[in-house]
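Take a look at the structure set out below.
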Amino acid sequence: MEPWKDLFLALPLPEIWLRILLFVTFGLHLLFVLLMLGTAMLGFVFFLRDCCAADRTDMGWNQRMVKSHLGLKSLAVVLGVGPLLIIQVIYSLGFFTATGLYAFTWLAVIPLLILAFLAIELFEHKMLSRPWLPFLSGAIGLGALLTVPAIFTGALSLMERPGEWTAFAAKALSPTSVYLPHWILRYLHVLGAAVVFGAAFHLFFTAGQAPDKRARLHAWLFGGILFQVAVGAPLLFTVADVFNWPVLTSVTLGTIAAMAMAWTLRPATAQTPAPARTGRALLVLLPLVFVSMLAARQSLQDATLMTLHKEARAELTRESADLDRFRESALKTFRLKLATVYDNGTTIYEKSCQPCHGVGGLGDGPAAKRLLIRPEDLAAVRADRDYVRSMILTGVPGSGMPYFTVFDKDKIDSLLDRMDKSFSLFGPTTVPRREVGEPARDIWKNTCATCHGLTGRPSEFGLTLQPAPPDLGRFSLEPERSLQIITDGYPGTVMQPYRALPESVRLDLVSIAANLRR
Amino acid sequence: MTFPLIHVPVLGDGMTIALNAVLHVLISHGVAIGMTILIVLFQNLAATGHGRFWGETARALLKPVVVITTSVGAVTGVGIWFITGILAPEGIGSLIHLFFWPWFIEWWAFTTEVVFLLIYYFLWDRLAERRPRLLMAVGWGYVAVALSSAVLISGILGFMLTPDGWPQGGTFTQAYFNPTFVPQFMLRIFAGIALGALLILGWTGWRFRGSADERGRVFRATGLVMLAAMAGTALFAWIYFSRIPGTYLTHWKFSVATSVWSQTPNLLPVLNGAAVACLALAAVAGLLKRRGAAMILFLPALILSVGLVAEFERVREFVRGPYLLPGYMYANQSRMVRHEASKAEDRPLLATLDWVNETTDKAPAARAGRALFDANCGVCHTIGGINDITVRLRGRTLESVNAMTAITESMVPFMTPFNGSEEERLTMSTYLYSMANKDTLPRPQLQGEVK
């Protein structure tokens, strides 16, 4: 079987089917979102009204009404996953770009929803107790809940306007004059729809035959429809540039249905409602309005985003063909990595130390060429195990030696064992057999000790250096390497060359340094 | 990178995902699966004539379970999509394109699960007395759908640790039903039941309203379930971890303990042992109907179990480094094949970054350096927050920073290689060097390759 190449090119269905699927799943999600929002909004408004009134007998009904929020919100959230999946497949470019530009606002949806849901549960639970707690929780819950559609409509509006992306990115959350009115009107349109669908839902499910409750819901439903028409008209102007026949047809159909619904609910009949006839009209007209508006919305979205998406896929296909010749080497790199287990000193040395210190530990690895301060010749080091461990763990500030706390203690121990085996790292210091002359002692005392300290422990001044000199009481070098450093200095550090000193003095200094190891 | 690169300041990307994911796992496993299974069991005991108090206990527990599951569990579940969509659009986008159908089917399972839970909750008062067996059927229906949902999601979660050759192996089933699939699913189910039982154990100690005898019976049943579930968890955890390649698993201590604590290698095994012992003691206290002991042990056991969940998820996420999708994409969302092309032909990266944050830095070189850092390192490192790169590089010379960025994937096994041209790498190194040494004296400057 042909291996997958570019996973973004793996489409689960032809695009047309995905668009149909999106229409259905988004419709389901949106329906419950509107019912949930409408329930929360109307529940809080009715609660306030009944709180202010002397008679609080309707509060029980308010509570029943808000109780349904639990089921509605649960379905709204869970049904949102489907369209989210499909949007990420067919509008990949637009969706990830728009939400990316919205980034932290988009992420705020998570805490806002949790806060809203828990607060509304508390609002419902405490509605019949003292009014301040349900008022507070209701206000917080509704406030948080109403912020979420503002974020969603904002991100979706941006997604549908690729021309605005660059300007939006440059100004962060400061929308342009074209985008802002669309966003506000679209948001208001969602709120209006929530009132309409929420009121209709409770007319059927919680109001029963009580005339006062039905009249109250009728009034909100009628007002909601008029509000939708008032907001919908200017909203259409903000999308005039991508208007097409499917959109025009859907909007016309939806508007006619909405007007018919308003006529059915007009105040003259609402005073003497005929429940059965009104109910039947709503059951026919409301779905018609919903489907028409949804169709208009998706037609607008597809008009822009499908074109964009096709271009992106074509580009991706071109790139995928271009990258074909590198797939084998990518596979090889992965297999090599998979076979490399960093659980032993040999592998850790080879991978983490060898690039600088080299195969033989001479400080001549390929990466060493890039370093101003040459990595130490490990083969010449004779030091205390704990001291070397601390150098590995903390690195050497001022040099290229990084720290390796990325390896746990067992791995570091394994590495130390490996280095000791290869380089006799923890072996005894080789002390040259020679009598040290007075001149060398004076030089050590007056010059070398300034940094290295009299006993080999770095002086206070020495510790201010980057890199600081090693503690010669715990770290020594083989005489040849020691002489080399004294003679030529350690390039890149403040250790200067002392080649002007007579060789016998330099050899004496080597002997002094070797004798310092405790 | 086609999409905007977003990294969470201070907290870092990993911690942001972890906070949301751990909360979600605690609720989805412990509450939605674990607690609910026990609630259904209790209702069954009531329906089959073992005492009304079982039904009353189940009813008292059901409301908080429904509220928490639908308010926090569901939102944090969707939250994972939101967060990954922002922080790793290339990664999650790739997965969704490939695993669309399992996810789509899982969505329906998830929806059915919620519908069952809502029916179970809203019809309880109507059915518990008159038609208890129908309520039982609804309860078991919920459990069946919840488990099928867990099966579906385990395959998607688990494939990322497929040991060899994903996706080059080529088949969907190889990726989905990989060797970690069964143990991970079983581990999650048993751990969820153990956690759910612990929560009910605490509730029984603190909130149970019935007689002492009834409380004792609830304690005994819960303690027994918890012990059995813990044994199952331990068994499948062992099988699960034995199936993860050593390449990845060897870093588990560092992934949890981080730099300092990983130098005490026995710390984690001891802490894990203590946590398991505390949980086992709480279960035994329940089994022996010791109310006082159960109440005292509940809180530490709960905190430690949260720690165990966080640890498992952390290890699971971390040990696949340096890959987001092994064999296909690095953790920084750079596709391996793109990186190979870049390496072979010294291809620049900046030209392919469609979105560079213009507001972060004004100087062009700094802006380029920051963009390259964001694209290459920002998924793990922050500037000034968790895993601060400026702390990591402080005191290092410019040429050593430049040397390190050349060998990242070798130097540290879970670091991604730099993606971009050599010139860009120097630009990024210079930026990082200047950020890391803002308050220090001037350091030696790069003078080209030192012979």
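Assign one of three labels to chain B, namely rounded, prolate or oblate, based on the Cα gyration tensor with a ≥ b ≥ c the square roots of its eigenvalues; rounded applies when a/c is under 1.5, prolate when it is not and a/b is larger than b/c, and oblate otherwise. Cα axes put chain B in the prolate bin. Dipole orientation for the protein assembly as shown: of the candidates B:431, B:89, A:453, B:89 has the Cα lying most toward the positive pole (charges on Cβ; Lys, Arg +1; Asp, Glu -1). Evaluate the Debye formula for the stretch B:277-335 with equal point scatterers sitting on the alpha carbons, no solvent, and hand back log10 of I(q)/I(0) at q = 0.12, 0.14, 0.24 Å⁻¹, in q order, two decimals. The Cα Debye sum returns log10 ratios of -0.48, -0.54, -0.87. Counted by neighbouring Cβ atoms within 10 Å, the residues B:113, A:438, A:328 run from fewest to most as A:438, A:328, B:113.
Taking neighbour counts of Cβ atoms within 10 Å as a proxy for exposure, in what order, fewest first, do A:424, A:352 appear?
Least to most surrounded, the residues fall as A:424, A:352.
Taking every alpha-carbon pair under 8 Å whose residues sit at least 6 apart, the stretch B:39-82 reaches a relative contact order of 29 percent. Dipole size of chain A about its Cα centre, with +1 on Lys/Arg Cβ and -1 on Asp/Glu Cβ: approximately 1260 debye, rounded to the nearest 20. The local environment of residue A:456, defined by Cβ-Cβ distances under 10 Å, has a net charge of +3 under the rule Lys, Arg +1 and Asp, Glu -1. Between the helical axis of A:409-423 and the longest alpha-carbon principal axis of chain A there is an angle of about 30 degrees.
Legend: mean number of C-beta atoms from other chains within 10 angstrom of residue C-beta atoms, peptide B:409-419, equals 4. Taking every C-alpha pair closer than 8 Å and separated by at least 6 residues, the mean separation divided by the residue count of chain A gives a relative contact order of 11 percent. Computing FRET efficiency as 1/(1 + (r/R0)^6) for residue A:494 and residue B:18, where r is the C-beta to C-beta distance and R0 is 51 Å, gives about 0.70. When shorter helices are ignored and each DSSP H run of at least 4 residues is given -39500 (n - 2.57), the per-residue value for chain B at 222 nm works out to -22000 deg cm²/dmol. When Rg and the Kirkwood radius Rh are both evaluated on Cα atoms of the stretch B:349-437, their ratio Rg/Rh stands at 0.93. In a simple Cβ point-charge model (Lys, Arg +1; Asp, Glu -1; nothing else charged), the protein assembly as shown has a dipole of about 2820 debye relative to its Cα centre. Once you sort the root eigenvalues of the Cα gyration tensor of the stretch A:451-518 as a ≥ b ≥ c, which label holds: rounded (a/c under 1.5), prolate (a/b larger than b/c) or oblate (the other case)? It comes out oblate by the Cα gyration axes.
Against the main long axis of the alpha-carbon atoms of chain A, helix A:15-52 sits at an angle near 70°. Of B:79, B:41, A:405, which is farthest along the charge dipole of the protein assembly as shown in the positive direction, counting Lys and Arg as +1 and Asp and Glu as -1 at C-beta? The one lying farthest along the dipole's positive direction is B:41. Averaged over the residues of A:20-31, the number of partner chain Cβ atoms lying within 10 Å of the residue Cβ comes to 0. Each residue, residue A:53 and residue A:450, gets one label point 7 Å from its Cα in the Cβ direction; the gap between the two is 9.4 nm. Our summary gives the stretch B:278-437 a relative contact order of 23 percent, counting only alpha carbon pairs under 8 angstrom and 6 or more residues apart. Taking a straight line from the alpha carbon of residue B:343, these lysines sit under 17 Å away, with near neighbours fewer than eight places off in the same chain left out: A:332, A:337. Applying a DSSP loop filter and a limit of 14 other Cβ atoms within 10 Å to the chymotrypsin sites (Phe, Trp or Tyr not before Pro) in the stretch A:335-399 leaves nothing.
Under a Cβ-Cβ cut-off of 12 Å, what is the net charge of the residues other than residue A:121 that fall near it, where Lys and Arg count +1 and Asp and Glu count -1? Here the count lands on +3. Computed from backbone phi with θ = phi - 60° and the Karplus coefficients 6.51, -1.76 and 1.60, the 3J(HN,Hα) list for the stretch B:328-345 is 10, 9, 6, 4, 8, 6, 7, 5, 4, 5, 5, 5, 4, 5, 5, 5, 5, 10 Hz; x is used for glycine and proline. Taking the charge dipole of chain A about its Cα centre, with +1 at Lys and Arg Cβ atoms and -1 at Asp and Glu Cβ atoms, the residue from A:169, A:383, A:257 reaching farthest to the positive side is A:257. Peptide B:94-101 shows a mean partner chain C-beta count of 6 within 10 Å per residue C-beta. Look at B:50, B:381 and count the other Cβ atoms within 10 Å of each Cβ; fewest to most, that gives B:50, B:381. Would the protein assembly as shown count as rounded, prolate or oblate if I go by the C-alpha gyration tensor, calling it rounded below 1.5 in a/c and otherwise prolate when a/b exceeds b/c, oblate otherwise? Taking the square roots of the gyration eigenvalues as a ≥ b ≥ c, the protein assembly as shown is prolate. Dividing the summed -39500 (n - 2.57) terms of all DSSP H runs of n ≥ 4 by the residue count of chain A sets its mean residue ellipticity at 222 nm at -22000 deg cm²/dmol. On the basis of the beta-carbon distance and an R0 of 51 Å, residue B:363 and residue A:422 show a calculated FRET efficiency of 0.65. Return the FRET efficiency for the residue pair residue A:104, residue A:209: r is the Cβ-Cβ distance, R0 is 45 Å, and the value is rounded to the nearest 0.05. FRET efficiency, residue A:104 to residue A:209: 0.40. For the stretch B:351-384, backbone nitrogen atoms closer than 19 Å to the point 7 Å from residue B:11 Cα along Cα-to-C-beta are found at B:378-384. Taking the longest Cα principal axis of chain B as reference, the axis of helix B:52-68 is set at about 20 degrees.
We did not get these values from a lab; they are worked out from the coordinates using the rules stated. Please read these numbers as outputs of a predicted model, since none were measured by experiment. Cβ sites come from the backbone with ideal geometry, for glycine too, and all protein chains shown count toward neighbours.
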